[in-house]
Every structure is written in C-alpha cells, then in structure tokens.
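Chemist: Provided herewith is a single structure, encoded as structure tokens, for subsequent inquiry.
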Amino acid sequence: MKLIKEFKEFAVKGNMIDIAIGVIIGASFNKVVDVLVKQVIMPPLSLLTNGVNFANKKLVLREAVIKEGKT
C-alpha cells in the first residue's frame, strides 16, 4: 500500500499531469498535421504532378555509414 500512496503523491505533484497533457497535445497536433497534409497540401501537389502517388516515395540524401563494430 505504501507504493500506491507514494505513486499518488508523485502523480499529484504535477509532473505526471504535465506529461499527460503533453501527450494529449502531441497526439492532437499529429492528427492536425496529418489532415493538413492529406487534405490541403497533397491535392494541389497531385494536380501539379499528374497524380503521382507519393505514399511510397522516398529521397535518400546520402547513404548511412556504419563503422565496423558499431551498431
């Protein structure tokens, strides 16, 4: 029971509440950006590129360099 009491004290201090609010805002912002890209930016871009599907497109700026013994 002491563990539960300590957790409640920790959660009420504000740290857990701040983290929870940050996660909620982050998830909401992710949804807003997703809709903005899919509904606002991509339709005109698709018209300009003759309907090219950008879902699987990628641009490699440079290949990754992996040194021996490093992961």
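Chemist: So, in nm, how far is label L3 from label M42 when the simple model puts each one 7 Å beyond its Cα toward the Cβ?
Modeler: 4.5
Chemist: Along the charge dipole of the chain, Cβ charges K/R +1 and D/E -1, which of I41, A64, M16 sits furthest on the positive end?
Modeler: Looking along the dipole axis, the top candidate is A64.
Chemist: Would you please put 31-37, 55-61 in order of how densely packed they are, using the mean number of other Cβ atoms within 10 angstrom per residue and starting with the highest?
Modeler: 31-37, 55-61
Chemist: At q = 0.14, 0.16, 0.20, 0.27 Å⁻¹, work out log10 I(q)/I(0) for the chain with the Debye formula, treating every Cα as an identical point scatterer and leaving solvent out; two decimals please.
Modeler: For the chain at q = 0.14, 0.16, 0.20, 0.27 Å⁻¹, log10 I(q)/I(0) is -0.78, -0.81, -0.91, -1.14.
Chemist: A further question follows. Simple spin-label model, 7 Å along Cα-to-Cβ: F29 to K58 in nm?
Modeler: 2.6
Chemist: List the lysines whose alpha-carbon lies under 25 Å from that of K58, not counting same-chain residues fewer than 8 positions away?
Modeler: Candidates past the 8-residue exclusion: K31, K38, K67.
Chemist: Okay, moving on. Please determine, in degrees from 0 to 90 and to the nearest 10, the orientation of helix 15-35 with respect to the longest principal axis defined by the Cα atoms of the chain, where the helix direction is its Cα long axis.
Modeler: 20
Chemist: Where the only charges are on Cβ atoms (+1 Lys, Arg; -1 Asp, Glu), what is the dipole of the range 30-71 about its Cα centre, to the nearest 20 debye?
Modeler: Around 80 debye, computed over the range 30-71.
Values quoted throughout were computed directly from the atomic coordinates according to the rules given, and no laboratory measurement underlies them. Everything numeric here is computed off the predicted structure, so don't read it as measured data. Quick reminder, even Gly has a Cβ in these numbers, built from the backbone with ideal geometry, and neighbours come from all protein chains shown.
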